[in-house]
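The values are calculated or read from the model by the stated rules, or taken from the named source; none is laboratory data. Quantities reported herein were computed from a predicted structural model and do not represent experimental measurements. All Cβ positions, glycine included, derive from the backbone under ideal geometry; neighbour counts span all protein chains shown. The accessibility values were calculated without ligands, DNA or RNA, using every heavy atom of the protein model including side chains. Shrake-Rupley method; radii C 1.70, N 1.55, O 1.52, S 1.80 Å.
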Amino acid sequence: MNIDTDRHVEETILERYALGTLSEQVVTAVEEHLLICEICQERAVEAESYTRAMRGAVAEMPVERPARSWDFAFLRPAFAICALLAIGVVTFRYLPGGHHGSPVPVALVAMRGSDVSAFAPSGRPLTLKPDLTGLTPAPAYHMQIVDGAGSPVWEGSLKSGAGSSVNVPELGTGLYFVRVSLASGQLLREYSLDLRRQN
């Protein structure tokens, strides 16, 4: 940049010179002009003094911090933990395998015809007490629960003897059949079980 030696340096250029924001090429041209122009020298000193005073004033100004509005960022982990706990409770409460209190006792009685032998609430663990009267004696029986379509939903073992019972996890609403067999697989008895939604 060439600065006309017959003309003075513009005020904005001198201010930027004092602030140190000019390119090297412009700085060289300004300094060459300042070597020969006393008026611009005085104006450059004034610009430098003004810039220094403004910087000093800004440095001495108290920093006003904005009033802190409530920022709940520090509570986010607590909210996340609460949400996970709520999801866990809901999952534990409504998915099979969750705990809904003590098991509901259900007496299973063999019936002829299409009558349902037992009713119980769905979504609750059950304690099944099948009537084993008249069955082939065995130390234990194989038990299987199938749904209305005949698909297995649970299997377990039942020790023989008076008052024998077996705990079963909660099942969904619907008609089920409880089968008692020997270890060999021979079916001895089948009970119907109707599980209904509680109101």
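A compact table of results
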| quantity | calculated |
| --- | --- |
| Whole-Hz ³J(HN,Hα) from phi, Karplus 6.51 cos²θ - 1.76 cosθ + 1.60, for segment 174-184, glycine and proline x | x, 9, 10, 10, 9, 10, 10, 9, 6, 4, 6 |
| Anisotropy class of segment 127-199 from Cα gyration tensor, a/c 1.5 cut | prolate |
| For ALA140, distant residues with modelled amide H under 5 Å away | SER160 |
| Accessible heavy-atom area order of MET61, MET54, highest first, probe of 1.4 Å | MET61, MET54 |
| Cβ-based net charge around SER23, under 14 Å, with every Lys or Arg adding one and every Asp or Glu removing one | -1 |
| Amide H within-cut-off set for VAL104, under 5 Å, with H built and near neighbours excluded | LEU126, THR127 |
